[in-house]
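Since the structure comes first, as structure tokens, the remarks are kept for the end.
The values are calculated or read from the model by the stated rules, or taken from the named source; none is laboratory data. All values reported here derive from a predicted model rather than from experimental measurement. Methodologically, a virtual Cβ is constructed for each residue, glycine included, from the backbone with ideal geometry; neighbour enumeration extends over all protein chains shown.
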Amino acid sequence: MTNLSEATVDVLSGIVGAVPARMCLTAASIDAGKSHDALLSDDFDVVAQRIRKDMGRFASPDVIEHALDDIRSKL
Amino acid sequence: MHRRRDRAVSAGATRTKVTVLVAVAGLAAALVLTRGSITGDLARHIGSYALVGFPILTTAWCWWCAAEMPTASMRWQWVFFGVAALAFGTGQFLEEFLGQINTGGVTFPDTLYLVAIATFGAGMWKALDSFKGFLNLRRPMLLSASAAGVVTVVGVVAVWGLFAEMQDALVYKVLLAVYPVGLLWLMAMPALALALTVSQMGSGVLARPWWAVFAGVALLTCSNVILIVVTAQGTQISNAGPMEMGWWLGLSLISLGAAMQIDIQRPTGSASVQGDPR
């Protein structure tokens, strides 16, 4: 079990690299109105929405949904 | 369900393996030819068919990849790469089989090569556009444009005297300059911008197809630079030398990029997304 921030960076790093993964998480935490560490499992939908929006132009829905499944499975 | 998934994973692996195999076969053939192990008409024929065959394969892979991509922002770059390879292959076909050999003037194949350069560039701009809003594009573009600017200034200074001495008409001099300038600004510059942009993704699996495309375009650019130099020197051009090897391998790498893109973007198991080599 890891927290949402760690799980998101962990999964996205393998797909888009560590720096963009952290930037995506930062954007998601701003969307949620919280800091990285304060993100909870309940904020998953906000993070998922941000990932879909940011990566939707260069990653297929298959890739994005697999990534979201992986994040969910780590929580 | 699992059997269907396994079959799809296996198909994905086959795509990439077949592309690697074709690239290795092309490289091996090129090495045999350039070492002079095969000479004469056979070498010329192998070279001629390869110069037409590799672009056709690249077009097929790129358009297949385009057809597999789910959104327009992911599709058009591969359509452009396919058009570019087709224009290049058609130019080669006209030169190799219909005898339209480049004599220093501007022929129809030359026009097709310019179209190929422009459409390769358009493909890379479309690829860059797909990363807009996620990766930093401004710095890579500024760096690559600066590099192209410096090379242009150095090039102009280097050939200015040569151009001034030429007795040909101004229009011919302009046409002579179009190819290297087009190569630099339409192909090399966006390729560098794409590499710098994709480098922000580090070891991320989605960067891999673009590294293959960048390596391919870099090889094509090197081969074109060799072509410009040997044309300027008036050297006899063979159809199975290092220049052709660069074209074969460059096109193969772009095909490999297309195959990898299909495999990565259509994961049938999480293995591909996690970067597990298949």
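Observations on the structure shown:
- Screening residue B:134 against (1) in contact with a Gly (Cβ under 6 Å, 6 or more places away or on another chain); (2) crowded, with 20+ Cβ neighbours inside 10 Å leaves a single unmet condition, (1).
- The set of residues in segment A:20-75 that are surrounded by fewer than 18 Cβ atoms within 10 Å (Cβ to Cβ) and not in a helix (DSSP H, G or I) comprises A:33, A:34, A:35, A:40, A:57, A:75.
- Within segment B:121-158, tally of residues that are of a type outside the set (Phe, Trp, Tyr), within 11 Å of chain A (Cβ to nearest Cβ) and touching a residue at least 12 places away in the same chain (Cβ under 8 Å): 7
- Considering (1) at pLDDT below 95; (2) within 13 Å of chain A (Cβ to nearest Cβ), the lone condition that residue B:239 does not fulfil carries the number (2).
- Matching option when the condition is within 24 Å of residue B:250 (Cα to Cα), crowded, with 20+ Cβ neighbours inside 10 Å and either more than 22 Å from the chain's Cα centre (by Cα) or modelled with pLDDT of 85 or more (or both), among B:141, B:124: B:124
- Output for segment B:199-215, where each listed residue is touching a Phe, Trp or Tyr at 6+ places or on another chain (Cβ under 9 Å) and within 7 Å of chain A (Cβ to nearest Cβ): B:200, B:201, B:206
- Of the set (1) at pLDDT below 80; (2) under 21 Å from the mean Cα position of the chain (by Cα), all apply to residue B:187 but (1).
- Hey, residue B:221 of a type in the set (S, T, N, Q), within 14 Å of chain A (Cβ to nearest Cβ) and in a helix (DSSP H, G or I) or not: no
- Single condition residue B:69 does not satisfy, out of (1) within 14 Å of another protein chain (Cβ to nearest Cβ); (2) modelled with pLDDT under 85: (2)
- In segment A:35-47 there is at least one residue that is more than 7 Å from every other protein chain (Cβ to nearest Cβ), in contact with a helix residue (DSSP H, G or I) (Cβ under 8 Å, 6 or more places away or on another chain), touching a residue at least 40 places away in the same chain (Cβ under 8 Å) and of a type outside the set (Phe, Trp, Tyr).
- Within segment A:11-26, residues that are more than 7 Å from chain B (Cβ to nearest Cβ) sit with their Cβ atoms under 6 Å from residues that are among the charged types (D, E, K, R) and part of a helix (DSSP H, G or I), at 6+ positions apart or across chains, in these pairs: A:11/A:70; A:24/A:54.
- With respect to the conditions (1) at pLDDT below 70; (2) touching a helix residue (DSSP H, G or I) at 6+ places or on another chain (Cβ under 8 Å), residue B:40 lacks only one, and its number is (2).
For every residue, the table says whether it meets (1) within 16 Å of residue B:217 (Cβ to Cβ); (2) touching a helix residue (DSSP H, G or I) at 6+ places or on another chain (Cβ under 7 Å).
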position	(1), (2)
B:77	yes, yes
B:92	no, yes
B:107	no, no
B:116	yes, yes
B:122	yes, yes
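- When we screen A:73, A:5, A:60 for residues that are modelled with pLDDT of 90 or more and facing another protein chain (nearest Cβ under 7 Å), the only hit is A:60.
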